[in-house]
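The values are calculated or read from the model by the stated rules, or taken from the named source; none is laboratory data. None of these values were measured; they are calculated from a predicted model. Using ideal geometry, Cβ is built from the backbone for each residue, glycine included, and neighbour counts are taken over all protein chains shown.
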């Protein structure tokens, strides 16, 4: 297990280094002033020297400045990243909390009314783009019913953002509904596969009731593919956050990238791309670890 | 004894979209406490559905439509599901066929064994695990304290099946249902598991229903037998009388299809023509009539009742056998019917007499073949060990002959097959085929030159592309080799289909539309289409029913005669090997421990391991004494990552001496018949010769026990 973890860790580090290299190469292609804003004094030396010097700066938290003499990219990241993490974290937790039981239910009772209903719903949310879903929610629950705010929390303090549930609900819900749809579909097929296995039959033959079969035998086995999906879908979730944050005018990472893209602000885009890349690598690392924890065969085979 | 279980006129249907399968069609049987019933028949005959009906665990769409299943006076059919759950696992224990899929891979073995104790006895986790350890000890699991905390993948196949048995008996059920409990296991482990079941039945006073397709498993271990066909019981009697005088032609045919009973492999096995009936439609007459060799017009118009002319032996047939063929004879002595004599009267041909085999030497000569698979560990995946899959194996095979390679799982026989056809590269040694050393060829040369060796896979269905029509599957080898014109391919495909006994319209169908036996015919056709000199057949019949197995074996022998084919026939089943092979090679942990003429090896094995394998083959007899005969092998082969020193077999060998652990025995000439044995203390032909000191448990011949 230790060797397995160490190897996965090394692989993740290699991926991150590769990401920095790609980002830096993109930077090389950027127009002069933008590059100078990021690379700084090393702008005239060799590629490798430039890269290492830039990497050194990145490691010290220096990602360049947003605009000449203005706020640093790192500072912008420090204020926007926690907001995105709040948004993504809440919506992912909600998505898992809903999708796992919903998927198992659909697998256990595929032809029940609720099962069919859930399937239709997941199809609807699955095929509906986040900006449409968000707009619909704003229209009915925000502007129409006035239950929730139509705009994300605008406070500067994180504590205030978290407690502002009235404004936070719609962005979280928009992101969560799309994610639920993806996870529930995977969960359903994984649980259906697991229910077909002979060990489920064997558990029933030992007198296990449906509840025990689902919770003890099916749940853990069908979580394996979902956990992998979760790790791999972190970039997609962040991408979804980009749309949702723009839609709800919520100043998180996605919102800032969107703004930067519109203003051709290369340092911000690259700095944030780097963070996304590292996030994806960490996500996949966490998925591998969870995979190994869930399935003893993985631990055994790769130890 | 009062009857524990009484089934009366049970009907079970499986409703699919568009059709209803009458899986169980009116069966009645009873079972007393402590009694053992064998439920026999081909796949699809309804025996598993009968077992599932008792448990009320039917597949989706399945339901009991009428009849009663009384356990101790309670009708299980009428019981609400909650009460049924209380019976499953506590009153009825179940063992499944495949221990590798019937255990949850993400749960420890102990938790799964303890499950029924937790569910039924309300035990807490500690008490339940303590019980699990007790039960593991009962099923003679080594180191039960350690095993409870292990996951299924950490156990060998035999140990997994022991765990499943432990889980089934944890609450001391009064009825144990064992559905093909040994089919997925090696023949050596099969014996141990069956003996364990016998012992548990006696000690715990359980009644047992043994569901199997294998008459050898039933004989001598069951009190009575129910033979099922087409969802009905066609013969029902004490095991002794069914084996002595089978009355139903189907039962007789099942016996005749057994390779164990084929006399010295000199005649074709009887195979039941056709396929099991389509259970979606109700036939007016006897459902076996279409395949029955004695059927009259009357049979297809009238359905026979399950009835007996004397008490205790009932059968559903208008023209019962044994009365016609001089009843009272042992099954092994059932006369070869007139039907057979015209079918394949020619004795096994010898290649020399054939005039076909050139005198220039053998077709295939394998010398010093070695294959290791590296085992890596640690951060940098350093090679820390090697699985020694094939270690210095040498043998020869003449044109037109069959070499049978036999051994337990993991002995390296499949690796030999893969090396021969070029799916793996040998680490050392040479493969001389028709004068060329295949190991010296590049992949490209080999692909061009080695069409003379073709492979038949164990799992025919998995080896046939599900998206390709049969015509494309069969034509593919020709296209790859750019052999002949496309126009001629069509003709070749049609011809090969005819040769393997498939209709011409099979070419336009997909593999999934064929039965197991037909798929194996397709696999044979694909191997044959390039007209190879040698076919390497890796367990070609191990997934088939006996009757279908007989068809495939007969077909393979017919084609061998026709084309002078050689076979390297790999099987774990010695009775099949004996029927097919001219010579036999016995493998153990990557080593060839004995090789020689088939007859000589079967009659007087020289290696203790060969002796053990022969003893492990179930004897088709109703005699409990013969079936219980000890000997055989105990335990399972150790891991090939760290093969034992000296003779690799010495830790399991009853004759092992100190030298066996120290010095590796080489293959030495053993008998005048041409046997070679790698053993320091080879068995003499005469069993009475004094065994070496300390070898008191030398297995004796069955006749002497």
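Of the residues in segment B:220-230, how many are touching a helix residue (DSSP H, G or I) at 6+ places or on another chain (Cβ under 8 Å) and under 30 Å from residue B:13 (Cα atoms)?
Looking only at that region, the number is 7.
Residues are listed down the side, and each one gets a yes or a no for (1) more than 14 Å from chain B (Cβ to nearest Cβ); (2) touching a residue at least 60 places away in the same chain (Cβ under 8 Å); (3) in contact with a strand residue (DSSP E or B) (Cβ under 7 Å, 6 or more places away or on another chain):
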| position | (1), (2), (3) |
| --- | --- |
| A:258 | yes, no, no |
| A:270 | yes, yes, no |
| A:276 | yes, no, no |
| A:284 | yes, yes, no |
| A:290 | no, yes, no |
Next on the checklist: Checking residue B:167 against (1) more than 9 Å from chain A (Cβ to nearest Cβ); (2) under 27 Å from residue A:223 (Cα atoms), only one condition comes out false. Which one?
Outcome noted: (1)
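Rundown of residues vs (1) buried (at least 19 other Cβ atoms within 10 Å of the Cβ); (2) over 21 Å from residue B:314 (Cβ atoms), yes/no style:
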{"position": "B:9", "(1), (2)": "no, no"}
{"position": "B:18", "(1), (2)": "no, yes"}
{"position": "B:27", "(1), (2)": "yes, no"}
{"position": "B:30", "(1), (2)": "no, no"}
{"position": "B:36", "(1), (2)": "yes, no"}
{"position": "B:47", "(1), (2)": "yes, no"}
{"position": "B:56", "(1), (2)": "yes, yes"}
{"position": "B:62", "(1), (2)": "yes, yes"}
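Residues that are without any contact (Cβ under 8 Å) to a residue 12 or more places away in the chain: find the helices (runs of 4 or more DSSP H) completely inside segment A:61-160 holding 3 or more of those. So that I can check it myself, show each step before the final result.
On the way: elements: A:73-108, A:113-127, A:130-137.
It comes to A:73-108, A:113-127.
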Item to check | Single condition residue B:204 does not satisfy, out of (1) surrounded by fewer than 22 Cβ atoms within 10 Å (Cβ to Cβ); (2) in contact (Cβ under 8 Å) with a residue 60 or more places away in the chain; (3) over 21 Å from residue B:410 (Cβ atoms) | outcome: (2)
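Say whether the condition of being closer than 14 Å to residue B:34 by Cα, out of contact with any strand residue (DSSP E or B) (no Cβ under 6 Å at 6 or more places or on another chain) and either surrounded by fewer than 22 Cβ atoms within 10 Å (Cβ to Cβ) or modelled with pLDDT of 90 or more (or both) is met by at least one residue in segment B:180-195.
In the first step, residues of segment B:180-195 are kept if they are closer than 14 Å to residue B:34 by Cα; the result is none.
Within segment B:180-195, not a single residue is closer than 14 Å to residue B:34 by Cα, out of contact with any strand residue (DSSP E or B) (no Cβ under 6 Å at 6 or more places or on another chain) and either surrounded by fewer than 22 Cβ atoms within 10 Å (Cβ to Cβ) or modelled with pLDDT of 90 or more (or both).
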Item to check | Members of segment B:497-508 that are crowded, with 19+ Cβ neighbours inside 10 Å and more than 20 Å from residue B:548 (Cβ to Cβ) | outcome: B:507
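How many residues does segment B:140-160 contain that are within 12 Å of another protein chain (Cβ to nearest Cβ) and buried (at least 22 other Cβ atoms within 10 Å of the Cβ)? Walk me through it before giving the result.
Taking segment B:140-160 and keeping what is within 12 Å of another protein chain (Cβ to nearest Cβ), we get B:149-155, B:160.
Retained after the next criterion (residues that are buried (at least 22 other Cβ atoms within 10 Å of the Cβ)): B:152, B:160.
Residues flagged as within 12 Å of another protein chain (Cβ to nearest Cβ) and buried (at least 22 other Cβ atoms within 10 Å of the Cβ) within segment B:140-160 amount to 2.
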Item to check | Tally of residues being closer than 21 Å to residue B:519 by Cα and either modelled with pLDDT under 90 or over 13 Å from the mean Cα position of the chain (by Cα) (or both) across segment B:567-593 | outcome: 7
Item to check | Where a residue in segment B:220-244 is in a helix (DSSP H, G or I) and its partner, wherever it lies, is modelled with pLDDT of 90 or more and crowded, with 24+ Cβ neighbours inside 10 Å, with Cβ under 7 Å and at least six apart | outcome: B:239/B:38; B:239/B:222; B:239/B:225; B:242/B:225; B:242/B:235; B:242/B:251
Item to check | Leading residue by the ranking (farthest from the other protein chains (Cβ to nearest Cβ)) among those in segment A:186-206 that are surrounded by fewer than 24 Cβ atoms within 10 Å (Cβ to Cβ) and either part of a loop (DSSP other than H, G, I, E, B) or at pLDDT below 90 (or both) | outcome: A:196
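Of all residues in segment A:161-170, which are over 27 Å from residue A:106 (Cα atoms) and part of a helix (DSSP H, G or I)?
Quick first cut of segment A:161-170, residues over 27 Å from residue A:106 (Cα atoms) only: A:161-168.
Across segment A:161-170, the qualifying residues are A:161, A:162, A:163, A:165, A:166, A:167, A:168.
Within segment B:268-286, is there a residue that is in a helix (DSSP H, G or I) and out of contact with any strand residue (DSSP E or B) (no Cβ under 7 Å at 6 or more places or on another chain)? Explain how you work it out, then say what you get.
Within segment B:268-286, the first condition is being in a helix (DSSP H, G or I), and the residues that meet it are none.
Among the residues of segment B:268-286, not one is in a helix (DSSP H, G or I) and out of contact with any strand residue (DSSP E or B) (no Cβ under 7 Å at 6 or more places or on another chain), which makes the answer no.
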Item to check | Every residue from segment A:131-146 that is modelled with pLDDT of 85 or more and more than 23 Å from the chain's Cα centre (by Cα) | outcome: A:139, A:140, A:141
Checklist outcome for this item: Across segment A:19-53, the tally of residues that are buried (at least 17 other Cβ atoms within 10 Å of the Cβ), under 27 Å from the mean Cα position of the chain (by Cα) and either more than 23 Å from residue A:281 (Cβ to Cβ) or at pLDDT 80 or above (or both) stands at 4
Item to check | Of residues in segment B:117-127 being within 12 Å of chain A (Cβ to nearest Cβ) and within 20 Å of residue B:145 (Cβ to Cβ), the one farthest from the chain's Cα centre (by Cα) | outcome: B:118
Checklist entry - Among (1) surrounded by 19 or more Cβ atoms within 10 Å (Cβ to Cβ); (2) modelled with pLDDT under 85, which single condition is residue A:297 missing? => result (1)
Checklist entry - Are any residues in segment B:27-58 assigned to a loop (DSSP other than H, G, I, E, B) and under 25 Å from the mean Cα position of the chain (by Cα), and if so, which ones? => result B:41, B:42, B:43, B:44, B:45, B:46
Item to check | Residue that is surrounded by the most Cβ atoms within 10 Å (Cβ to Cβ), among those in segment B:81-91 that are within 7 Å of chain A (Cβ to nearest Cβ) and touching a residue at least 60 places away in the same chain (Cβ under 8 Å) | outcome: B:89
Checklist entry - Which ones in segment B:92-106 are surrounded by fewer than 20 Cβ atoms within 10 Å (Cβ to Cβ) and more than 7 Å from every other protein chain (Cβ to nearest Cβ)? => result B:100
Checklist entry - Taking segment B:411-451 as the region of interest, how many residues are in a helix (DSSP H, G or I) and over 29 Å from the mean Cα position of the chain (by Cα)? => result 12
Checklist entry - Just to be sure, is residue B:462 assigned to a strand (DSSP E or B) and out of contact with any helix residue (DSSP H, G or I) (no Cβ under 6 Å at 6 or more places or on another chain)? => result no
